[in-house]
Amino acid sequence: MLMLRLAFRNILRNKRRTVLTMLSMLGGYVLLVLSLSVQNGSYEQVIDFFTKDSTGHAQISEVGYQQRATLYKAVPASDAFYQQLTSLPLVSAAAPRIKSGALAYGETKSFPVQVVGVDAQKEAGLSFLAEKIKQGRYFNAQPNSDGYFEVMVGAAVARQLQVALGDELVLISQGADGSLANDLFSIVGLIGSTESLDARTVYLPLLAAQNFFAMPGEAHYWVVLAGNYRQSDELTAQLNQWLADRPELEAASWKVVSEEFYKTMQADIEGGYIFYYIIIFLVCIGVLNTVLMSVLERTGEFGVLKAIGTSPSRLFFLIIQETLLLAGLSCLFGLLAALPLNYWLASTGFALPEPMEISGVVMAHMKGQWDLAVFVEPALIVIGSVALIAVFPALKAARIVPVDAMRGL
Amino acid sequence: MKPVIETRQLGRFYGEGDTLVRALHQVDLQIEPGEFTAIVGPSGSGKSTLLQLMGGLDNPDEGTVLLKEKAISEMSGRELSDFRRDHIGFIFQAYNLIPVLSAAENCEYIMLLQGIPAAERKARVYAMLEQVGLKGKEQRLPNQLSGGQQQRVAVARAMVSRPDIILADEPTANLDSQTGMDLLDMMHELNRQQGMTFVFSTHDPKIMERASRLIHIEDGRVIGEQRRDEG
Ligand SMILES: Nc1ncnc2c1ncn2[C@@H]1O[C@H](COP(=O)(O)OP(=O)(O)OP(=O)(O)O)[C@@H](O)[C@H]1O
Ligand SMILES: [Mg+2]
């Protein structure tokens, strides 16, 4: 207790310096909280958007499909399968998809496209497909009165083929039975922009795709959503457990399904750490200076403390303790500032002056993350690095020869 | 009896070449338990240097200091600080109190290091401060005390942990003669009643009279010694 009182009074001794030091620690802490919050928040947004938009949180497919997607690896697309799947506790939504390539023809031109067959109703409740329609409307699951199935096309497809709403589109490909697949479709919707991830995609109703690729009652994979992308590993484990008696099927999380995207995200997040290192570095310089100063000033006193029997390690910890006390208090005060600021960031956020693109996902509005880690991690970082900084002056004090130190007194 | 402190061919030099100062040179001394020894000599003769080396507060350039027959040079930093904590009380020429701690806390500090329970610490500190005439001033910070009062806190601090030996560098130099004599009486009392060993330096002939042993030093060398029966 006396040691703590000693540390505390030493801190209060030079109030101006203490306030300045605390301000630099406090500022560093708040800055770290906010930047971590914005970074986590924006990646959360990007990953959340990306997974919902394209991969889902997990996918079920035939074993080997994720490594090498072929037309022939299929999963059942039955209602019974859907019912069982959606009754699993973690599953919040699911939809089957067929995905393959085709050559598309407009009036005069041809263009290689990606064909995605989706269950019109299930897909609407799972991905942003319906929201992405720029022109026209969402397609019907059944053929129109002329007997043609309706399709929606990406912006690049429409531009390359010079087709518009109401035009006809011909697709040519190969069916799963080896037959030649070709059919005529009617364009009812235009999707996204030429920058979108699915700019080169033609969306077909599932039934149309099943007919076209000759895979009745089947799909290539099921897209499954949990409540949140963070549950994707858990979800995948649950799906695999459920699939245990169907060894031909397997579940994979979005990290596997879109490994490239996942890796870019990881790299981006790591790149963001440089900013933290800079903040920490600045805080440390300020702190090193004050701690060194306060140790130098009190060299004589440390000499006395040592002369009357304080062990070197005790002196060492006295200084570390003082610094930790200062850092702890700074973070505490910083928390008072960071709580409302981050609450605003997480709930309201701010619009970016210019939209930013991260891995193909365009973001116009930044939001923070409201999470315990956002407050705790920066505190640990500040306290930890400050303690590390104090080691050098503390060692200096511990090694003092009492007489040399007391001479200055 | 085994000496508490022994010096062998002890030397401490400052500077080098032409400016070399032999602050202490070839000093052989043995301090035995229960002594009440004064180190006397003119200013600059090496009294402070000797006391500092005896307590391991400084490193000698020559020779060795043995504390209870163990060479300081062979002790770890921890061992040495523990030895000081448990066996040696220091009174410095300057008072050297910790400015942020009150008179009582300055005294309490060593006992805290020794792991003495709070209640006992408090009782001993208050009794000791009363003994040095500072009753009622226990909570004052050093800068709220006069020089003489600070010196008395320093004395109380050195003695309250009941060390075997007290090394005091001119403990009465900054006190008026009456206070100085009172302090000396108190030291003498502790020496006789509890067998506490005292080694102190002084210029004051009146104080020298009270010592049971006088060690004369000049220019860093011991030039003579007198022993006296208790008077
Ligand atoms: N740090 C130092 N650097 C150089 N010389 C020193 C140092 N400390 C002491 N000296 C010299 O060593 C000699 C002995 O000094 P010391 O302080 O031991 O004398 P003293 O007997 O205690 O004197 P006083 O009665 O004035 O206190 C002196 O000549 C002094 O100048
Ligand atoms: Mg001296």
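In a DSSP loop and with at most 12 other Cβ atoms within 10 Å, the GluC sites (Glu not before Pro) in the range B:125-231 are B:Glu230.
For the range B:1-101, what is the Kirkwood hydrodynamic radius in Å, using each pair of distinct C-alpha atoms? Let's see the in-between values first.
Details: mean 1/r = 0.0679 Å⁻¹.
Across the range B:1-101, the inverse of the average 1/r is 14.7 Å.
Over the range A:58-225, the fraction of Cα-Cα pairs per 5 Å bin, rounded to whole percents and listed from the shortest bin up, is 2, 9, 18, 22, 21, 15, 9, 3, 1, 0, 0. In the range B:142-226, Cα pairs under 8 Å separated by at least six residues give a relative contact order of 25 percent.
Summing Cβ point charges (Lys, Arg +1; Asp, Glu -1) relative to the Cα centre of the range B:5-226 gives a dipole of roughly 720 debye.
Loop-located GluC sites (Glu not before Pro) across the range A:72-153 with a Cβ neighbour count of 16 or fewer within 10 Å are A:Glu107, with loop assigned by DSSP.
Overall, chain A carries a charge dipole of about 2760 debye about its Cα centre when +1 sits on the Cβ of Lys and Arg and -1 on the Cβ of Asp and Glu, all other atoms neutral.
Nearest 10 degrees, 0 to 90: what angle lies between the long axis of helix A:232-242 and the longest principal axis of chain A (Cα atoms)? For helix A:232-242, the angle is close to 50 degrees.
With the biggest extent put first, the Cα atoms of the protein assembly as shown measure 133, 55, 44 Å across the principal axes. Along its first, second and third principal axes, ordered by size, the range A:273-378 spans 66, 23, 19 Å in Cα coordinates. Ordering A:Trp344, A:Ala58, A:Val304 by Cα displacement along the dipole of the protein assembly as shown toward the positive end leaves A:Val304 in first place; charges were set at the Cβ atoms of Lys, Arg (+1) and Asp, Glu (-1). Highest GNM mean-square fluctuation, chain B, Cα pairs closer than 10 Å: which of B:Arg140, B:Arg78, B:Arg12? Residue with maximal mean-square fluctuation among B:Arg140, B:Arg78, B:Arg12: B:Arg78.
With a ≥ b ≥ c the root eigenvalues of the C-alpha gyration tensor of the range A:133-275, is it rounded (a/c under 1.5), prolate (a/b larger than b/c) or oblate?
Values: a/c = 2.44, a/b = 1.38, b/c = 1.76.
Note, shape of the range A:133-275 comes out oblate.
The angle between the Cα long axis of helix B:77-87 and the main principal axis of chain B comes to about 60°, on a 0 to 90 degree scale.
Computed over chain B with a Gaussian network model linking Cα atoms closer than 10 Å, the most mobile of B:Gly180, B:Gly15, B:Gly195 is B:Gly15. Once backbone amide H atoms are built at 1.01 Å from N, A:Leu249 has A:Val63 as its partners under 5 Å, excluding neighbours fewer than 5 places away on the same chain. What is the Cα centroid distance between the range A:204-264 and the range B:1-39, reported in whole angstrom? Distance between centres, Cα-based: 87 Å. Here the contact order of chain B, divided by its residue count and restricted to Cα pairs under 8 Å and six or more residues apart, works out to 28 percent.
With an 8 Å cut-off on Cα pairs and a minimum separation of 6 or more residues, tell me the relative contact order of the range A:58-225 in percent. Please report the intermediate quantities before stating the final value.
On the way: 383 pairs, mean separation 56.5, N = 168.
It rounds to 34 percent for the range A:58-225.
Note on the range A:279-409: with charges restricted to the Cβ of Lys and Arg (+1) and Asp and Glu (-1), its dipole about the Cα centre is near 600 debye. Among beta bridges identified by DSSP and lying wholly in chain B, the antiparallel ones come to about 55 percent.
Which GluC sites (Glu not before Pro) in the range A:240-293 sit in a loop by DSSP (not H, G, I, E or B) and have at most 13 other Cβ atoms within 10 Å of their own Cβ?
Values: sites: A:Glu248, A:Glu250, A:Glu259, A:Glu260, A:Glu270; in loops: A:Glu248.
Answer in residue order: A:Glu248.
Working note: Karplus 6.51/-1.76/1.60 with θ = phi - 60° gives the range B:38-45 the couplings 10, 9, 10, x, x, 4, x, 7 Hz, where Gly and Pro are set to x.
Based on alpha-carbon atoms, the Kirkwood radius and the radius of gyration of chain B give Rg/Rh equal to 0.96.
Proximity of backbone amide H atoms, modeled 1.01 Å from N, is registered between A:Asp183 and A:Leu171 at under 5 Å, excluding neighbours fewer than 5 places apart on the same chain. With no solvent and one point per C-alpha, what does the Debye sum give as log10 I(q)/I(0) for the range A:225-305 at q = 0.13 Å⁻¹? Each listed q corresponds, in turn, to -0.66.
Cα axis of helix A:312-347 to longest principal axis of chain A: angle in degrees, 0 to 90, nearest 10? It works out to around 40 degrees.
Of all the options B:Met181, B:Met128, B:Met75, the one that moves most in a Gaussian network model of chain B with Cα springs shorter than 10 angstrom is B:Met75. Helices in the protein assembly as shown, meaning DSSP H runs of at least 4 residues, each add -39500 (n - 2.57). Divided by all residues, the mean residue ellipticity at 222 nm is -14500 deg cm²/dmol.
Throughout, read-outs are computed from the coordinates displayed, never taken from laboratory work. Note that the structure is predicted; figures quoted are calculated from it, not measured. Note that each Cβ is placed from the backbone with ideal geometry, even for glycine, and that neighbours are counted across all protein chains shown.
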